[in-house]
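Enquirer: Questions regarding the structure given below will be posed in turn.
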Amino acid sequence: MLPELPEPPLRLNLDWNALKANWLAMDRLSGKARAGAAVKADGYGLGARKAAAVLRDAGCRDFFVAHWAEAAELLDLVDPASISVLHGPQSPADCAYGQAIGAKPVINSLSQAQRWLDAGGGTCDLMIDTGMNRLGVPMREIGSEVLARLDVDVLLSHLVSSEEDTPLNALQCSRWKEARKAIAHRNASLANSAGITLGSEFHGDITRPGVSLYGGIPRPCLGQLIRQVVRPEAMIMQVRHVAAGETVGYNATFTAKAPMRLGTVSTGYADGYLRCWSNKGFFEANGAKLPVLGLVSMDMTVIDLTDANDIGEGDWVAASYDLPGAAAASGLTQYELLTLLGRRFQR
Ligand SMILES: *Cc1c(COP(=O)(O)O)cnc(C)c1O
């Protein structure tokens, strides 16, 4: 028999208490509405199963995923009727699967509505497009007869620019209210994370925070409330010394001006630690900030240990990854910084 597979040299340090605290904060901020949770894209990259279990234990009763496969992953963890599948039923097979597991499809068009009804229907959610022009029933179709035949639990719409102050927010809110008057439903939902901060007009019955649960801060006012959840960490595989004039990494984009002590860290762009961090990112250990030197490679990144003699081979270092700061530094969005974290990280 083979010995157990050794632990990988890279891991996500995940603070599940922070996830819980962030959900409770967004739930409180949602006023009379109850907060659900977007757990699509594997819980924004952190691991949907663990995230859903933590959120469930915190009191969350509404889970939003994009794909049917993402619903399948949660069936033994949460009440299937609490799962909404945002992409809806694109085929009779989707309808049959949704009915069998008891999760709700989000109906996004008249053709999806007809397909769901043809398959025998059942409780569903309904997405109204109030301005995104992506998925959802357009406002001009809200009076359609086929919609009146649906058994709608949550009537939802999605904000285009909730992280910005723009007249579009109020316009979408008023269109959503118009749709609520036109279509029978049990619950209404509009706000994502940033939308929750726009006030009670935007809350309805259920809010749908995503990014802020995982540490994202889409509006500065959330900065005091939201805690960091994820810290990518990796092991230093090798320490080496270079003389002045030597270069580091592919294409020799960094040249040492003086003798330096370097550490080679076991993570790279294949793990989602992208090349945008080349000569720019930092790692941290024991309170020291350790700059990235040269280009990030596929599986490795070199950092400067010259002023950190206490850190060496086998030690773990954490990427500087506070989401608003990392987004500003990298040009990536906070959403991308979360969802691109690769599968080699132990979670
Ligand atoms: C992803 C998503 C959310 C969550 O949005 P955040 O900005 O991450 O809070 C809410 N609603 C819908 C329809 C979504 O697709």
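The values are calculated or read from the model by the stated rules, or taken from the named source; none is laboratory data. Being a predicted model, the structure only gives us computed values, none of them experimental. Cβ: placed from backbone, ideal geometry, glycine included. Neighbour counts: every protein chain shown.
Enquirer: As an exercise: evaluate G287 against (1) surrounded by fewer than 21 Cβ atoms within 10 Å (Cβ to Cβ); (2) within 26 Å of L19 (Cβ to Cβ); (3) under 27 Å from the mean Cα position of the chain (by Cα) and give the number of the one condition it does not meet.
Expert: Unmet condition: (3).
Enquirer: Would the stretch 104-125 turn up any residue that is under 28 Å from V211 (Cβ atoms), away from the ligand (no atom under 16 Å from the Cβ) and more than 22 Å from the chain's Cα centre (by Cα)?
Expert: Filtering the stretch 104-125 for residues under 28 Å from V211 (Cβ atoms) gives 104-109, 112, 123-125.
With the extra rule that they be away from the ligand (no atom under 16 Å from the Cβ), the set shrinks to 123.
Still in the running and more than 22 Å from the chain's Cα centre (by Cα): 123.
Looking through the stretch 104-125, at least one residue is under 28 Å from V211 (Cβ atoms), away from the ligand (no atom under 16 Å from the Cβ) and more than 22 Å from the chain's Cα centre (by Cα).
Enquirer: Turning to a different aspect of this structure: For the stretch 254-282, enumerate the residues that are under 22 Å from the mean Cα position of the chain (by Cα) and either free of Cβ contacts under 8 Å to residues at least 40 places away in the same chain or assigned to a loop (DSSP other than H, G, I, E, B) (or both). Walk me through it before giving the result.
Expert: Just the residues of the stretch 254-282 that are under 22 Å from the mean Cα position of the chain (by Cα), to begin with: 267-277, 281.
Matches in the stretch 254-282: T267, G268, Y269, G272, Y273, L274, R275, G281.
Enquirer: Just checking, how many residues over the stretch 19-43 are out of contact with any strand residue (DSSP E or B) (no Cβ under 7 Å at 6 or more places or on another chain) and buried (at least 19 other Cβ atoms within 10 Å of the Cβ)? Step through it out loud before you land on a result.
Expert: Taking the stretch 19-43 as the starting set, the residues that turn out to be out of contact with any strand residue (DSSP E or B) (no Cβ under 7 Å at 6 or more places or on another chain) are 19-22, 24-25, 28-29, 31-32, 41-43.
Now narrow it down to the ones that are buried (at least 19 other Cβ atoms within 10 Å of the Cβ): 19-20, 22, 25, 29, 42-43.
Residues meeting the conditions: 7.
Enquirer: Considering (1) closer than 18 Å to P291 by Cβ; (2) surrounded by fewer than 18 Cβ atoms within 10 Å (Cβ to Cβ), say which one A243 fails and leave the rest.
Expert: The one condition A243 does not meet is (1).
Matching residues to (1) in contact with an Asp or Glu (Cβ under 8 Å, 6 or more places away or on another chain); (2) within 16 Å of the ligand (Cβ to nearest atom); (3) not assigned by TED's automatic domain parsing to the domain that holds S157:
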residue: A33; (1), (2), (3): yes, yes, no
residue: R49; (1), (2), (3): yes, no, no
residue: A71; (1), (2), (3): no, yes, no
residue: V78; (1), (2), (3): no, no, no
residue: A93; (1), (2), (3): no, no, no
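Enquirer: So how many residues does the stretch 96-116 have that are crowded, with 18+ Cβ neighbours inside 10 Å and hydrophobic (A, V, I, L, M, F, W, C)?
Expert: Final tally of qualifying residues: 5.
Enquirer: Okay, next question. For the stretch 183-221, which residues satisfy the criterion of being in contact with a strand residue (DSSP E or B) (Cβ under 9 Å, 6 or more places away or on another chain) and among the small types (G, A, S)?
Expert: Selection gives A184, A188, S189, A191, S193, G195, G204, G210, G215.
Enquirer: Restricting to the stretch 219-232, what's the tally of residues that are surrounded by fewer than 22 Cβ atoms within 10 Å (Cβ to Cβ) and away from the ligand (no atom under 11 Å from the Cβ)?
Expert: Within the stretch 219-232, the subset surrounded by fewer than 22 Cβ atoms within 10 Å (Cβ to Cβ) is 219-221, 223-225, 227-228, 231.
Of the ones still in play, those that are also away from the ligand (no atom under 11 Å from the Cβ) are 220-221, 223-225, 227-228, 231.
Of the residues in that region, 8 qualify.
Enquirer: Kindly list, by first and then second residue, each pair from a residue in the stretch 315-332 that is more than 18 Å from Y214 (Cβ to Cβ) to a residue that is among the hydrophobic types (A, V, I, L, M, F, W, C) and part of a loop (DSSP other than H, G, I, E, B), limited to pairs with Cβ atoms under 8 Å and residues at least 6 apart or on different chains.
Expert: Sorted first by the residue in the stretch 315-332, then by its partner, the pairs are V317/I311.
Enquirer: A further question on this structure: For the list (1) touching a Leu at 6+ places or on another chain (Cβ under 9 Å); (2) more than 8 Å from the ligand (Cβ to nearest atom); (3) assigned to a loop (DSSP other than H, G, I, E, B), I need the number of the one condition that G216 fails.
Expert: (2)
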